[in-house]
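As structure tokens, the structure follows; a few thoughts come after it.
The values are calculated or read from the model by the stated rules, or taken from the named source; none is laboratory data. Just so we're clear, the structure is a prediction, and the values are computed from it rather than from any experiment. Neighbour counts run over all protein chains shown; Cβ positions are idealised from the backbone, glycine included. Only protein heavy atoms, including side chains, enter the accessible area calculation; ligands, DNA and RNA are left aside. Shrake-Rupley method; radii C 1.70, N 1.55, O 1.52, S 1.80 Å.
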Amino acid sequence: MTPDLSARPVASPAANPIPGALIAGVAGPLLLAVGNALVNFGPIWSDVETTADIVRATGENQAFAEFSTVVGVLAVALLVPAVWAVTALLRPRTPTLAAIGGWMMATGYVMALVLSTESATALLVAKTGLDPATYVTAVDDQSAISMLLIYTLFGVGALAGGLILGIAMLRQGGAIPAWAGWALIASEPVRVVGLVAGIPFGPPLASVLIAAAFTGTLMAARSRKG
């Protein structure tokens, strides 16, 4: 007997197509902030200058390196669907901006996994006791086009995508609080200035701003649906 599909409830048009959207929207950026803080204030990356220093410090702080790498992976795993959840809410009113911003930001943070991969590789080198010279030489002297492409997509995608999504939030006709759009827009220059000027709290603050922007957007959509 064929089931009567017409009897099934139809999801509300306001429902977010991404399951667990609010959880991802809050937890993803906050985990990213934790990861940023671990990098900038932790015992491995905050006081090293060369790849050899990173391998040495990783070997001396293996549990910390493992933990920070896991945080980085989980942050990306939640942040990417969070970007798509926000993009889905912005798409009806600003389809072009949402599409461009969503694709760029989500793709950028997918590329961010290379940072966790590099950390995991340095940890493996340190744990096995292998001579790190070959690894150090490969990292410091590498000029592979693929690596350049990954880092370019990461930097440009994550930063420019956030700016474009922030603009899309501001053009929602009041459906999304304006402060959410401004928070997302502000997060990008805050991150860049922090990285360029060596201000350690810059990247964590930028990630907290993303969390505020995403939370405000997703909660506003829930309020409208209710």
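From Cα pairs below 8 angstrom and at least 6 apart in sequence, can you work out the relative contact order of segment 77-226, rounded to a whole percent?
25 percent
Distances over 13 Å make up what percent of all Cα-Cα pairs in segment 110-149?
Result: 60 percent of Cα pairs exceed 13 Å.
Probe radius 1.4 Å, ligands and nucleic acids ignored: give me the carbon and sulfur share of the accessible area of segment 19-80 as a rounded percent.
The C+S portion of the solvent-accessible surface of segment 19-80 is 69 percent.
Please give the Cα centre distance for segment 11-64 versus segment 174-226, rounded to the nearest Å.
Here the answer is 16 Å between Cα centres.
Please calculate how many Å² of accessible area the chain carries per residue, with a 1.4 Å probe and no DNA, RNA or ligand atoms counted.
Per residue, the chain has 52 Å² of solvent-accessible surface.
Would you please put 34-44, 124-134 in order of how densely packed they are, using the mean number of other Cβ atoms within 10 angstrom per residue and starting with the highest?
34-44, 124-134
In debye to the nearest 20, how big a dipole does the chain give about its Cα centre with +1 on each Lys and Arg Cβ and -1 on each Asp and Glu Cβ?
Using only the charged Cβ atoms, the result is roughly 1340 debye.
Of the heavy-atom accessible surface of segment 88-226 (probe 1.4 angstrom), what whole percent is carbon and sulfur?
After summing per-atom areas, the C and S share lands at 71 percent.
In vacuum, with every alpha carbon of the chain counted as one equal point scatterer, what does the Debye formula give for log10 I(q)/I(0) at q = 0.10, 0.12 Å⁻¹? Two decimals, please.
-0.51, -0.68
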